[in-house]
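**Student:** Here you go, one structure.
The values are calculated or read from the model by the stated rules, or taken from the named source; none is laboratory data. This one's a predicted model, so the numbers in the text were calculated from it and none came from an experiment. Note that we place each Cβ from the backbone using ideal geometry, even for glycine, and neighbour counts take in every protein chain shown. For accessibility, only protein heavy atoms count, side chains too; no ligands or nucleic acids. Shrake-Rupley method; radii C 1.70, N 1.55, O 1.52, S 1.80 Å.
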Amino acid sequence: MLVDSHCHLDFPEFAPELDAVVARAKDADVGSCVSIGTTLQGFGRVCEIAERFADVWCSVGIHPHEAQKEPLPDAAPLIVRARHAKVVGIGETGLDFYYNHSPREPQIANFRAHIAASRELGLPLIVHTRDAEDDTIAILRDEMEKGAFSGLIHCFTGTKKLADAALALGFCISVSGIATFKKSEGLRGVLKEVPLDRLLVETDAPYLAPMPHRGKRNEPAFVTNTAAALAALKGVGADELARATTDNFFRLFGKAARPT
């Protein structure tokens, strides 16, 4: 069994055939997935989808792109929503200095508020970082000194410096379809050195479909292609990779229940 640790089932691309998308994931032995929150305004829909499917979980968070539209005064708005039974993580949150859809100050403030919620509730932090490695590392280290919290770097495309810093903080690394792209040799070199017991797999669907589906709308069933590529990179069998990444997921996302 595999787990898609990061997808966006509430996005409109899935609306016409959501039941079929979830069924195809099951048929591909993708036993669970996490539908990720990106705004508080849209959290109701994210939660509704998780309630509808037994093995779909969700998170609550404000994507850094949305930080200016939804600034957090503190962690309370996240904490109250995260008490829902199907919410297993906090985020996605973090810093995106590539697009700068929100100014840096509200991104940083929201990032810290998410960390506070993660720490208080014991739920893992789901971190997005792009063109902001040094600031991301500095904030995570600073906040870790205030009290421990767990988490992962989602859709990891960073440097060895970021991977080493995340691992030193006890974080996991989540691998997306980008790792299957021809141009991603450097990324694969970093991932090859990440211990197997710290790796997760994800789609980030509907984006970033792995080879051989690149250019199509991504969906949770396609995480099998990313897992196959990662198994080959790590020099392990597909079953071992599936077992390890699934165990890693349920160890990190302790609130999620394994499929029966």
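**Student:** If you place +1 on the Cβ of every Lys and Arg, -1 on the Cβ of every Asp and Glu, and leave all else neutral, what size is the dipole of the chain about its Cα centre, to the nearest 20 Debye?
**Tutor:** Once rounded to the nearest 20, the dipole reads 280 debye.
**Student:** What is the distance in Å between the Cα centres of the range 1-45 and the range 190-260?
**Tutor:** So the separation of the two Cα centres works out to 15 Å.
**Student:** Explain nothing, just the number: dipole magnitude of the range 22-95 about its Cα centre with +1 on each Lys and Arg Cβ and -1 on each Asp and Glu Cβ, in debye rounded to the nearest 20.
**Tutor:** Computed about the Cα centre, the dipole is about 140 debye.
**Student:** A further question on this structure: In whole percent, what relative contact order does the range 110-260 give with Cα contacts below 8 Å and a gap of six or more residues?
**Tutor:** 18
**Student:** Considering only Ala76, Gly89, Val30, whose Cα is most displaced toward the positive end of the charge dipole of the range 1-119, charges sitting on Cβ of Lys, Arg (+1) and Asp, Glu (-1)?
**Tutor:** Farthest along the dipole direction, towards plus: Ala76.
**Student:** In whole percent, and with a 1.4 Å probe on the protein chains, what portion of the accessible area of the range 158-243 is carbon and sulfur?
**Tutor:** The value for the range 158-243 is 56 percent carbon and sulfur by accessible area.
**Student:** For the chain, report the accessible area per residue in Å² (1.4 Å probe, heavy atoms, rounded to an integer).
**Tutor:** 41
**Student:** Right, here's the next one. Using a Gaussian network model of the chain with C-alpha springs under 10 Å, which one of Phe222, Phe111, Phe53 is most mobile by mean-square fluctuation?
**Tutor:** Phe53
**Student:** Let me ask you something else. In percent, how large is the relative contact order of the range 24-101, given Cα pairs closer than 8 Å and 6 or more residues apart?
**Tutor:** Averaging sequence separation for qualifying contacts and normalising by length gives 33 percent for the range 24-101.
**Student:** Just going by the charge dipole of the range 168-260, with Lys and Arg at +1 and Asp and Glu at -1 on Cβ, which of Pro212, Gly254, Pro195 is farthest out on the positive end?
**Tutor:** Pro212
**Student:** Separate question: Can you return the lysines within cross-link range of Lys69? Criterion is Cα-Cα under 24 Å, with same-chain partners fewer than 8 residues away left out.
**Tutor:** none
**Student:** To the nearest 20 debye, what is the magnitude of the charge dipole of the range 66-185 about its Cα centre, counting +1 on the Cβ of each Lys and Arg and -1 on the Cβ of each Asp and Glu?
**Tutor:** Dipole magnitude for the range 66-185 comes out near 360 debye.
**Student:** In whole Hz and in residue order, list the ³J(HN,Hα) couplings for the range 87-102 that follow from phi through the Karplus curve 6.51 cos²θ - 1.76 cosθ + 1.60, θ = phi - 60°; x for Gly and Pro.
**Tutor:** In residue order, the calculated couplings are 7, 10, x, 10, x, 8, 9, x, 9, 10, 9, 7, 8, 6, 5, 10 Hz.
**Student:** Tally Lys and Arg at +1 and Asp and Glu at -1 over the other residues with C-beta under 12 Å from the C-beta of Leu233: what net charge comes out?
**Tutor:** Its environment carries a net charge of +1.
**Student:** Right, another one. Considering only Cα-Cα distances, which of the following residue pairs are longer than 22 Å: Lys160/Lys255; Lys160/Lys183; Lys26/Lys216; Lys161/Lys192?
**Tutor:** Beyond 22 Å: Lys160/Lys255.
**Student:** Quote the relative contact order of the chain in percent (integer), defining contacts as alpha-carbon pairs under 8 Å separated by 6+ residues.
**Tutor:** About 21 percent, as a whole number.
**Student:** Using just the helices of the chain, give the 222 nm mean residue ellipticity in deg cm²/dmol: DSSP H runs with n ≥ 4 each add -39,500 (n - 2.57), and the total is spread over all residues, rounded to 500.
**Tutor:** Mean residue ellipticity, 222 nm, calculated: -12000 deg cm²/dmol.
**Student:** Given Phe11, Phe222, Leu121, which one lies farthest toward the positive end of the charge dipole of the chain, if we put +1 on the Cβ of every Lys and Arg and -1 on the Cβ of every Asp and Glu?
**Tutor:** Phe222
**Student:** For the range 103-109, what does the Karplus curve 6.51 cos²θ - 1.76 cosθ + 1.60, with θ = phi - 60°, yield as ³J(HN,Hα) per residue in whole Hz, taken in order and with x for Gly and Pro?
**Tutor:** x, 5, 4, x, 4, 5, 4
**Student:** Could you work out which residue, out of Val80, Val190, Val127, moves most in a Gaussian network model of the chain, that is, has the largest mean-square fluctuation with Cα springs under 10 Å?
**Tutor:** Among Val80, Val190, Val127, the largest mean-square fluctuation in the Gaussian network model of the chain belongs to Val80.
**Student:** Which percent of the accessible heavy-atom area of the range 1-124 goes to carbon and sulfur, probe 1.4 angstrom?
**Tutor:** Answer for the range 1-124: carbon and sulfur cover 52 percent of the accessible area.
**Student:** Through the Karplus equation 6.51 cos²θ - 1.76 cosθ + 1.60, θ set to phi - 60°, convert the phi angles of the range 130-142 into ³J(HN,Hα) values in whole Hz; use x for Gly and Pro.
**Tutor:** Working through the residues one at a time gives 9, 6, 8, 4, 4, 5, 4, 4, 4, 5, 4, 5, 4 Hz.
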